[in-house]
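Report on the following structure.
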Amino acid sequence: MSDFLYLANKRESVRRYLDKKVERKKIDKIIESCRLAPSACNSQPWKFVVADEPELKNKVAETSYGPFLKFNRFASQAPVIVALVIEKPTWLSKIGGNVKNKDFTLIDNGIVSAYFCLKAAELELGTCIIGWFDEKKARQLLGIPKSKRISLLITLGYPAKEQREKIRKKFDEICAYNNYYS
């Protein structure tokens, strides 16, 4: 069992990958950890569609390229791209979200994506969460019904370089006890 702070520090957005296949056994371990993630009313509103066939994966990667700027071009280097599909929440979660004016389904997808990335880090794999992509094209490529949404794409593979030092806000900039202004 790995120490959580070690994993939290180890996990970073990887944008350079080795040309090395990711074993399906490792992908399955990541998905199994995600299966255990919490969600509002235990609705588990997610499904992972894994693209590990090179030609398909490259086409999915191309859906994330910026039209003018050259961002997300690294996605093609990753041997795997995973689409996190938003599934229908339970009726109780949906009602609760409407009453509280919160989209619990998106919150749940954020939680499960963190589980995905942390388990990948534990297995010595790198990830990068991508929110900019042509959802319609990605859905078509992956055979995802038009009625479904993809919340995120996640690249997955063996990092090509050493981890860089994290730059984060100071503890007292992100935490207050008992009062926002304390």
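Below is a table of values for the structure above.
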item	result
Output for the stretch 53-103, where each listed residue is assigned to a loop (DSSP other than H, G, I, E, B) and either touching a residue at least 60 places away in the same chain (Cβ under 8 Å) or among the small types (Gly, Ala, Ser) (or both)	Thr63, Ser64, Gly66, Phe71, Asn72, Ala78, Pro79, Glu87
Failed criterion for Tyr17 (all others in (1) in contact (Cβ under 8 Å) with a residue 60 or more places away in the chain; (2) among the aromatic types (Phe, Trp, Tyr); (3) under 22 Å from Lys136 (Cβ atoms) hold)	(3)
Residue match in the stretch 139-159 (condition: in a helix (DSSP H, G or I) and among the charged types (D, E, K, R))	yes
Members of the stretch 16-28 that are within 30 Å of Thr90 (Cβ to Cβ) and crowded, with 16+ Cβ neighbours inside 10 Å	Ile27
So Arg149, is it charged (D, E, K, R) and touching a residue at least 40 places away in the same chain (Cβ under 8 Å)	yes
Residues of the stretch 78-106 classified as hydrophobic (A, V, I, L, M, F, W, C) and farther than 30 Å from Asn58 by Cα, total	5
Any hit, the stretch 109-119, residues being farther than 20 Å from Pro38 by Cβ and either within 18 Å of the chain's Cα centre (by Cα) or not in a helix (DSSP H, G or I) (or both)	no
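Rundown of residues vs (1) more than 12 Å from Thr155 (Cα to Cα); (2) crowded, with 18+ Cβ neighbours inside 10 Å; (3) among the β-branched types (Val, Ile, Thr), yes/no style:
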{"site": "Leu5", "(1), (2), (3)": "yes, no, no"}
{"site": "Val14", "(1), (2), (3)": "no, yes, yes"}
{"site": "Pro38", "(1), (2), (3)": "yes, no, no"}
{"site": "Gln44", "(1), (2), (3)": "yes, yes, no"}
{"site": "Leu69", "(1), (2), (3)": "yes, no, no"}
{"site": "Ala78", "(1), (2), (3)": "no, yes, no"}
{"site": "Ile86", "(1), (2), (3)": "yes, yes, yes"}
{"site": "Lys102", "(1), (2), (3)": "yes, no, no"}
{"site": "Val112", "(1), (2), (3)": "yes, yes, yes"}
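No lab work stands behind these numbers, since they all come straight from the coordinates. The structure presented is a predicted model; accordingly, all values stated were derived computationally and were not measured. Heads up, the Cβs are rebuilt from the backbone with ideal geometry, glycines too, and the neighbour counts pull from every protein chain shown.
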